[in-house]
1. Percent of alpha carbon pairs in the stretch 309-364 separated by more than 18 Å?
2. Work out, step by step, the length gained on full extension between residue 48 and residue 364: first 0.36 nm times the residue separation, then minus their alpha carbon distance; give nm to one decimal.
3. Please give the calculated 222 nm ellipticity per residue for the chain, where each DSSP H segment of at least 4 residues contributes -39500 (n - 2.57) and the sum is spread over every residue; nearest 500 deg cm²/dmol?
4. Assuming R0 = 56 Å, can you tell me the calculated FRET efficiency for the pair residue 308 and residue 62, based on Cβ-Cβ distance, to the nearest 0.05?
5. Can you classify the stretch 88-171 as rounded, prolate or oblate using the Cα gyration tensor, where a ≥ b ≥ c are the square roots of its eigenvalues, rounded means a/c under 1.5, and otherwise it's prolate if a/b beats b/c and oblate if not?
6. Label points 7 Å out from Cα along the Cβ direction at residue 278 and residue 297: separation in nm?
7. Tell me, in nm to one decimal, what length is gained between residue 240 and residue 155 on full extension, where the rule is 0.36 nm per residue of separation less the Cα-Cα distance?
8. For the chain, max minus min Cα coordinate along each principal axis, in Å, sorted largest first?
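FYI, it's all coordinate maths here, none of it is from the lab. Since we're looking at a predicted model, the values are computed, not measured. Please note: Cβ atoms are built from the backbone with ideal geometry, for glycine as well, and neighbour counts cover all protein chains shown.
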Ligand code: ADP
Ligand code: MG
């Protein structure tokens, strides 16, 4: 049986018109001889009645947040509502289907509420559906613990549901339907000239997702990569082929391949703060220096873009953790400076590995646009720039232009 997992995002199920388009995609899969397994996100975006953010706000109405277990209970409702609504449309069009919560679909997780990790998938129920020719419509973003507690997988987690089901059922592919034509060279909400890619490698799109491109969840890419299930990103509202995410061509000599650009894409992530901690080199200070990162780790604060100099340690954290971190280092007598409201803009490309001059191009593009660089970090295939958030759009556009990534560059 050719199993095809089809995941539909929040905007894809937000109106009856769009739900008909969703059913068109399911119908097309059936006509192609596939058995569709459907995964759905909560309806709409922030502000819509049953969107995840709306449910979170309802839970917080009386100020005291419910405990994480209860937050997961309320958050899991959005996807269940969405599934039931879509099942009506599908039945009207003559298809037999069954709605399943994540737990009913056999997704077992640990009990890390709000960001649970999938431990295993029991495919018995899904196999039974396939046997009975019932199309499963699975609530994305959720699972269940061994003790029957409902958990959620973290924001954007329906993509993870899609990938894990694709892996467990050995699907021929996983299709992620959203509101854009595919993976683009930058967020089209920021760069009007962003181009759709017809194909991209797992590792590059994983980096894009890790560095902020929210078009797909990084864990969903990781799962698809380990099991080599092809992932497609497509638009629910068009018939374009979308982007195929697949494995590296082992025979490819990327340096000699002139058709490939140095940079594949640009991603950005906002709401970051830079922390600079200074030391005077005295014996007493040396002790404080030695334990700084342990202190931060023990407080459960994760840090990024770490640069270490003899008398300074520099790193970035999420804005939301800034007050907690500041209180911690202040109470422990550290000397520090914090720059809040920064963004990390990252250029990504397998081909930049070992090529000189890429950083020079980054700096020159930003300087030409009068954008001050606060900090940089790099790996073989990425260069990240930290800048004040007011420059995010200008920086992403400047780099996109500098590296010739736009539609207008495609002849
Ligand atoms: P869904 O609700 O369908 O999961 P998301 O909002 O999570 O949709 O992801 C789709 C959004 O991702 C697009 O509307 C787009 O603005 C954003 N995005 C960010 N970076 C990219 C990129 N490189 N390519 C395509 N879309 C991107
Ligand atoms: Mg998403």
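1. Across the stretch 309-364, Cα pairs with separations above 18 Å total 56 percent.
2. Details: separation 316, 0.36 × 316 = 113.76 nm, distance 4.27 nm.
So the chain would gain 109.5 nm between residue 48 and residue 364.
3. Numbers: 11 runs with 135 residues, N = 411.
After summing the helix terms and dividing by residue count, I get -10500 deg cm²/dmol.
4. Details: r = 45 Å, r/R0 = 0.80.
Efficiency, rounded to the nearest 0.05: 0.80.
5. prolate
6. 2.7 nm
7. Length difference between fully extended and current span is 27.9 nm.
8. Largest to smallest, the principal-axis extents are 74, 56, 37 Å.
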